[in-house]
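Colleague: What follows is a single structure, and I will ask about it in a moment.
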Ligand code: HEM
């Protein structure tokens, strides 16, 4: 087994442990666990970064060097990395174990799915000509940072429906975090769609061809544009915003997974 | 700013004329939300129903009644259907009207830079007084970086930062208009086609794809000087490279190696490496004469006629082979020639000795050719939107006032949003101001 697979295996385990620490926190309410959680998040992010870097280095050793952002497996691993990154970047606002705990669970799911699903090819594959573009790298980077920010928004949307004193953050705090994460995610998604369009222009001579993945990313974008207008212009609050953030994230999930498996198009990594 | 805008009292619709309320609706965000939802739902339909296939395919997928409905609603080509276009046009109208309405209110708010009086300043949520004799340069000297003067007089100063953020929403909305306009220009004046070139071949016609392919002159000619494919050790394609020469009015004006992701551009027309084709050619020796034939080519000499009908890269594991048809006393007959099997390489038909010398595969480069004069407008729209989003969400407008009083100074500050962060900034300013020796 290649070295990077080992590191990423440890990282997966760490996400599991982190999630369990959250569970223990909820049961025992020891404030010192919160400090441990944050140290754990930093360490995991570091190791995760190392894992990605090793995979990158390994691809050069195999003489097919490229940034590890080019197939489904790499995108899953990268998605989990982005979730951790966003949590660390929003640390000041995310002082609520309920949010970091669910984020760890989602990262764990992504890592676990990447390493055990038979539908995922874990080998480093050479880049076919269409994928050899720097625009592609910026495209994937920006899209996944956006998707990770929407994970936070989704978690807030779900938490809105639960009341659990001391575990679920107060309503106002959830709303603020939800809004801020969309404020990070929306420009990133916009940048992701634009860089994707520029890439398509140079690769195929058409910046927009209504391919299913493109169309679904537009739908996602529209949902979050509606989210922003509903909040900023119409002053919506509470349940309606929570529902919008859940619809938005469902759309993200469909753009990312659904389109690959259910609809076919230019973006299916399989071809 | 956004909060104050939306709190403006709405005029009771019953008191306005019908036209005025229609106008109000067309410029409302409620209408925007409806339109965007409809566009989203239409787009979803376009990804569920198969787009742009032919009748047989639809009938194999859906019952006939369903197919009729699909055709009636234009669901087989959602993104070019009249109703989808109508939604986009309504959206554009809504956006323009809304933005114009908003633009004027932003401009109106721009002019007010006067320094409020002492009472108004002390009533602001963030204010403090400093005593002593000093000039207002002392105050502006300790402001955080990035503040600029909007007013400077004997009585005091007004400084602000992040003024651009007031135009953020305007920039975002204007950028959408740019993108729509660019897309529309591309739709009207652009085209997209393809060209297949063999090595050494020159062409000046492109095939416009679509229901019934048409040919169209390019205005200049393209010559493929060379085409190469390279592979990774595992066999996956690594690189497609065509060396293309642009020939305009008989002269070579440009030569470039194009690859996927690296097109050639001449006179606003882009030439992309899109695909390749392998076309086999067969070298026969017919009665001592060397003849090269391709699939479907016929050979006809001295009453002997034959045609290459089929090529297989592997015939029953015996390697590449080609099937030849000929007429034997008016009867059509076929026979296989296999290159790697000596016994089946040479045959004698009606007294004529035929020998398959070699099978070569010629590479043809598949070029995609498109012209889209709107693309730069779209790019400008992208840039403006990203700038607008940054300015809108990551900058905020705040002002600091400093006014001379009888005993010293009063300093006050307001921010449109991000009041928390501004509060911290203002606190630091206060500490610094108290530290100044008077
Ligand atoms: C999908 C396209 C659109 C996008 C991406 C978009 C984006 C935005 C964003 C990001 C804001 C936030 C401004 C702020 O933070 O203050 C905003 C505000 C606003 N938008 Fe849009 N918008 C779109 C379409 C429209 C349309 C068609 C209308 C026309 C009715 C509209 C009306 C408004 C209004 C009135 C505001 C409030 C501006 C303010 O008070 O600052 N938007 N828009």
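Colleague: Which residues, counting only those in the range B:219-244, are surrounded by 12 or more Cβ atoms within 10 Å (Cβ to Cβ), within 14 Å of another protein chain (Cβ to nearest Cβ) and farther than 21 Å from residue B:279 by Cα?
Modeller: If the condition is that a residue be surrounded by 12 or more Cβ atoms within 10 Å (Cβ to Cβ), within 14 Å of another protein chain (Cβ to nearest Cβ) and farther than 21 Å from residue B:279 by Cα, then B:232 is the only one that fits.
Colleague: On to the next question. Taking the condition free of Cβ contacts under 8 Å to residues at least 60 places away in the same chain, under 23 Å from residue B:260 (Cα atoms) and either within 7 Å of chain B (Cβ to nearest Cβ) or in contact with a helix residue (DSSP H, G or I) (Cβ under 6 Å, 6 or more places away or on another chain) (or both), does residue A:212 pass?
Modeller: Yes: the conditions hold for residue A:212.
Colleague: Sticking with this structure for a sec: Being without any contact (Cβ under 8 Å) to a residue 12 or more places away in the chain, in contact with a strand residue (DSSP E or B) (Cβ under 9 Å, 6 or more places away or on another chain) and assigned by TED's automatic domain parsing to the domain that holds residue B:346: is that true of residue B:308 here?
Modeller: Judged against the criteria, residue B:308 is not a match.
Colleague: Which one of these is buried (at least 23 other Cβ atoms within 10 Å of the Cβ) and in a loop (DSSP other than H, G, I, E, B): A:224, A:207, A:147?
Modeller: Result of the check over A:224, A:207, A:147: A:207.
Colleague: On the basis of being assigned to a helix (DSSP H, G or I) and within 14 Å of chain B (Cβ to nearest Cβ), does residue A:130 make the cut?
Modeller: Yes; evaluated as a whole, the condition is true for this residue.
Colleague: Output the residue which, of all residues in the range A:176-187 that are more than 9 Å from every other protein chain (Cβ to nearest Cβ) and within 13 Å of the ligand (Cβ to nearest atom), is nearest to residue A:247 (Cα to Cα).
Modeller: Here the answer is A:182.
Colleague: Conditions first: (1) within 7 Å of chain B (Cβ to nearest Cβ); (2) within 18 Å of the chain's Cα centre (by Cα); (3) within 15 Å of the ligand (Cβ to nearest atom). Residue A:225 passes all but one, so which condition is the exception?
Modeller: Of everything listed in (1) within 7 Å of chain B (Cβ to nearest Cβ); (2) within 18 Å of the chain's Cα centre (by Cα); (3) within 15 Å of the ligand (Cβ to nearest atom), residue A:225 misses just condition (2).
Colleague: Is at least one residue of the range A:250-260 within 16 Å of the ligand (Cβ to nearest atom), modelled with pLDDT of 90 or more and surrounded by fewer than 21 Cβ atoms within 10 Å (Cβ to Cβ)?
Modeller: Checked the range A:250-260: no residue is within 16 Å of the ligand (Cβ to nearest atom), modelled with pLDDT of 90 or more and surrounded by fewer than 21 Cβ atoms within 10 Å (Cβ to Cβ).
Colleague: To continue, here is another question. Got a sec? Which of A:99, A:64 is part of a loop (DSSP other than H, G, I, E, B) and at pLDDT below 95?
Modeller: A:64
Colleague: Step by step: first the residues of the range B:26-54, then only those that are within 11 Å of the ligand (Cβ to nearest atom) and either assigned to a loop (DSSP other than H, G, I, E, B) or farther than 24 Å from residue B:77 by Cβ (or both), then the one that is farthest from the other protein chains (Cβ to nearest Cβ). Which residue is that?
Modeller: Taking the candidates together, the pick is B:26.
Colleague: Report yes if residue A:165 is more than 16 Å from the ligand (Cβ to nearest atom), over 17 Å from the mean Cα position of the chain (by Cα) and not in a loop (DSSP other than H, G, I, E, B), otherwise no.
Modeller: no
Colleague: Just to be sure, is residue B:125 in contact with a helix residue (DSSP H, G or I) (Cβ under 9 Å, 6 or more places away or on another chain), at pLDDT below 90, assigned by TED's automatic domain parsing to the domain that holds residue B:35 and over 30 Å from residue B:366 (Cα atoms)?
Modeller: Considered against the rule, which asks whether it is in contact with a helix residue (DSSP H, G or I) (Cβ under 9 Å, 6 or more places away or on another chain), at pLDDT below 90, assigned by TED's automatic domain parsing to the domain that holds residue B:35 and over 30 Å from residue B:366 (Cα atoms), residue B:125 comes out as no.
Colleague: So, one more: Name the single residue, out of those in the range B:44-70 being under 28 Å from the mean Cα position of the chain (by Cα) and farther than 25 Å from residue A:251 by Cβ, that is surrounded by the fewest Cβ atoms within 10 Å (Cβ to Cβ).
Modeller: The residue in question is B:54.
Colleague: Would it be correct to say that residue A:242 is at pLDDT 95 or above and more than 11 Å from chain B (Cβ to nearest Cβ)?
Modeller: For residue A:242, the condition - at pLDDT 95 or above and more than 11 Å from chain B (Cβ to nearest Cβ) - is met.
Colleague: Test of understanding: among A:170, A:129, which residue is in contact with a strand residue (DSSP E or B) (Cβ under 6 Å, 6 or more places away or on another chain) and without any contact (Cβ under 8 Å) to a residue 60 or more places away in the chain?
Modeller: Of the residues listed, the single one that is in contact with a strand residue (DSSP E or B) (Cβ under 6 Å, 6 or more places away or on another chain) and without any contact (Cβ under 8 Å) to a residue 60 or more places away in the chain is A:129.
The values are calculated or read from the model by the stated rules, or taken from the named source; none is laboratory data. Every value quoted in this text rests on a predicted model; they were computed, and no experiment measured them. Note that we place each Cβ from the backbone using ideal geometry, even for glycine, and neighbour counts take in every protein chain shown.
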